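Structure record follows, encoded as structure tokens.
Where a number appears in this text, it was derived from the coordinates with a stated rule and is not lab data. Here the structure is a predicted model, which means the values were calculated and not measured. No Cβ is skipped: glycine too gets one built from the backbone with ideal geometry, and neighbour counts run over all protein chains shown.
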Amino acid sequence: MQRAAERCKGGDELALLQDVHRACQAKVEAGDSNGYYYENSLFHQRIYEASHNQFLAQEAARLHAALQPYRRMQLQVRMRLESSFAEHDA
């Protein structure tokens, strides 16, 4: 999350990113892969917005949407929920 936070230009952006990161953590702790999937998508959207690069944000969102079915399935793999969150925490 450190690298993503460095891209935030304002306190509001950072606060939104931290809020959704905490929401992701709560879903991991609850073992709620569906809830985590939603929060994780929002986490990535916040990063795209914080880039302040409309082209990059649009392309990243397009790719995210194309990979969506696979992203949901991979959260069913044992310990993937935890490792996905750990990747954000890095």
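Here are the numbers:
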{"read-out": "Inter-label distance for Gln25 and Asn53, nm, one decimal - labels placed 7 Å from Cα along Cα-to-Cβ", "value": "2.9"}
{"read-out": "For the chain, calculated [θ]222 nm from helices alone, where every DSSP H run of n ≥ 4 adds -39500 (n - 2.57)", "value": "-27500 deg cm²/dmol"}
{"read-out": "Label-point separation, Asn34 to Ala66 (7 Å along Cα→Cβ), nm", "value": "2.9"}
{"read-out": "Kyte-Doolittle mean at least -1.0 and Cα axial length at least 27 Å: DSSP H helices in the chain", "value": "11-30, 54-74"}
{"read-out": "Cβ crowding within 10 Å averaged over residues, with 60-72, 29-41 ranked highest first", "value": "29-41, 60-72"}
{"read-out": "Prolate/oblate/rounded label for the chain (Cα gyration tensor, a/c 1.5)", "value": "oblate"}
{"read-out": "Additional length obtainable on full extension of the chain from Leu75 to Asp89, 0.36 nm per residue less Cα span", "value": "3.4 nm"}
